[in-house]
Amino acid sequence: MKKLYKFYWDCGRQGDIEGLFVADEEDIKKNLGKNVSLGSCLGKYSEIYGNLDEDDLTILSDDQDFIKKFEELKCES
């Protein structure tokens, strides 16, 4: 089942990373604990990386009609 997730990392003095995305629950489970590299997304030489943890994600909705519309409107960030 697809769900709408919010991703958030507090990167200290460098800033915060956050985004909204839709993913299948099974894909999330498979990737928990894996290393994520976001490169220099917070500026030159920032090199943001870490392990994806369940606490990094918040489920915002599992309403399939809402999620379908969210995807149609390309609201991912």
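Throughout, read-outs are computed from the coordinates displayed, never taken from laboratory work. In this text, all values refer to a predicted model and were calculated from it rather than measured experimentally. Neighbour counts run over all protein chains shown; Cβ positions are idealised from the backbone, glycine included.
I want the local charge near Glu25. Using Cβ-Cβ distances under 9 Å, sum +1 for each Lys or Arg and -1 for each Asp or Glu among the other residues.
Numbers: positive: Lys2, Lys3, Lys29; negative: Asp24, Glu26, Asp27, Asp62.
Every neighbour counted, the sum reads -1.
How many percent of Cα pairs in the chain exceed 16 Å?
Considering the chain, 55 percent of its Cα-Cα pairs are separated by more than 16 Å.
Add -39500 (n - 2.57) for each DSSP H run of 4 or more in the chain, then divide by its residues: what number comes out at 222 nm, to the nearest 500 deg cm²/dmol?
One gets -5500 deg cm²/dmol as the mean residue ellipticity at 222 nm.
Starting with the highest mean, order 30-39, 57-66 by the number of other Cβ atoms within 10 Å, averaged over the residues of each peptide. Mind showing how you got there, number by number?
Numbers: 30-39: 10.8, 57-66: 12.4.
Answer by packing, highest mean first, reads 57-66, 30-39.
Work out the length of the dipole vector of the chain about its Cα centre, built from +1 on the beta-carbon of each Lys and Arg and -1 on the beta-carbon of each Asp and Glu, and round it to the nearest 20 debye. Before the final figure, lay out the partial values.
Working: 11 positive and 18 negative charges, 59 e Å.
Value, rounded to 20: 280 debye.
Within straight cross-link reach of Lys3, meaning Cα distance under 17 Å, which lysines are found once same-chain residues fewer than 8 apart are removed?
Hits, sequence-local ones excluded: Lys29, Lys30, Lys68, Lys69, Lys74.
Order of 2-11, 41-50 by packing, highest average Cβ count within 10 Å first?
Packing order, densest peptide first, comes out as 2-11, 41-50.
Taking the Cα centre of the chain as the origin and placing charges on Cβ (Lys, Arg +1; Asp, Glu -1), which of Tyr5, Ile48, Cys75 is farthest toward the positive end of the dipole?
Ile48
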